[in-house]
Structures are given as C-alpha cells and as structure tokens.
C-alpha cells in the first residue's frame with residue numbers, strides 16, 4: 001500500500017466512525033425518548049387524575065348545592081357569596097363539571113351554622129381593643145367513587161378587626177377573607193385529604 005492509499009483508507013475509516021457515532025447517538029436519543037414517553041404514559045394512566053393543586057380526582061362530575069344560611073345575625077349575601085366561592089374554587093382547581101342532579105360522582109351540601117361577633121382582646125379592665133367575626137359551616141361531602149372518603153364536618157374560621165371600627169364598614173372584607181379560608185379548608189378535606 002502506498003501513502004495515498006493509506007490516507008484514503010484512514011479518511012474513509014474516520015468517516016465511517018463519525019457516521020456510526022451519529023447514528024448511534026440518534027438511536028440512543030430515540031430510545032431514551034421512547035422510554036420516557038412509555039414511563040410518562042404508565043404514570044398518567046393510573047386510576048387517579050392529579051392536578052397541580054395536589055388534588056386526587058377520580059370522578060368527572062360534582063353537585064355543589066346552595067349552602068344555606070341557618071346562622072343568626074348573618075348578612076343575607078353570605079350564603080350566595082360563599083356558595084359561589086366554593087363552586088369557583090373546585091371547578092377552577094379540578095377537571096370536575098358542575099351538574100345539578102343526584103347522579104354525580106361527588107356531592108357537597110351544607111349550611112352556615114354560626115355567624116358570631118365576639119370580643120377578641122381586652123385593654124385595661126373592660127375596654128375591647130379587638131373584635132372577632134367567626135363563621136362556621138357544616139359540610140356534608142359524598143364521594144360516590146370511594147365511600148370511605150365521605151364526611152360530615154364543621155369548618156370554622158375567624159378574622160379580627162379593631163373595636164373602634166364599625167362592623168358594617170369592615171364586614172364585607174372580613175366575610176371575603178373568612179370565606180376564602182373556609183373554601184380552602186373544605187377543598188383540601190374533600191380532594192387533598194388534609
């Protein structure tokens with residue numbers, strides 16, 4: 001073999017190595033992608049659907065009934081506002097559809113049982129410095145997919161405000177804040193199992 005033939009053979013060997021390396025890299029990338037898709041498919045095909053909130057949802061439908069107001073002294077707008085917040089939270093954080101019938105996978109009923117303004121802190125001997133608004137809701141949750149997760153429970157939250165403030169001037173804000181906390185608690189109990 002002469003020098004030119006050796007160089008030509010050397011060039012062809014290098015080309016062969018480069019082509020095989022590229023083909024090998026392409027094959028490995030394809031294999032890795034196929035394995036990744038397979039694992040993702042297996043994990044997504046389990047019987048639960050997981051949302052970004054951590055909620056485990058098995059069903060597709062829910063009936064969130066109007067939360068009645070049975071508390072003394074509560075403002076008339078409390079029940080509709082609370083019911084709407086609860087519906088919005090559950091529908092926006094899950095893939096559930098709201099249906100108004102008794103054939104749904106989940107069912108939520110309840111009543112507001114307490115709406116109370118009390119003294120939270122006293123200054124001196126008899127002067128109130130803080131007052132507290134407490135709202136309690138009794139919720140009945142029916143899970144037709146897994147009856148072991150059914151419950152009836154009271155959820156209670158409060159917010160404090162300065163005693164120098166008139167309740168009517170802060171009531172709307174306090175109701176909104178307390179309702180948000182109650183809705184979070186109910187959602188977590190129903191779907192995150194906290």
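Estimated from the Cβ-Cβ distance and a Förster radius of 22 angstrom, the FRET efficiency linking residue 81 and residue 102 is about 0.30. Legend: translational diffusion of the stretch 58-192 by Stokes-Einstein, Rh = Kirkwood radius over C-alpha pairs, 20 °C, 1.002 mPa s; D = 135 µm²/s. Scoring 141-150, 178-187, 85-94 by mean Cβ neighbours within 10 Å over their residues and listing the highest first yields 178-187, 85-94, 141-150. Counted residue by residue at 0.36 nm each, then reduced by the alpha carbon distance between them, the extension gain from residue 92 to residue 129 reaches 9.4 nm.
Since every read-out is calculated from the coordinates, none of them should be taken as a lab result. What you are looking at is a predicted structure, and each value in this text was computed from that prediction instead of being measured. In this analysis, Cβ positions are derived from the backbone assuming ideal geometry, glycine residues included, and neighbour counts consider all displayed protein chains.
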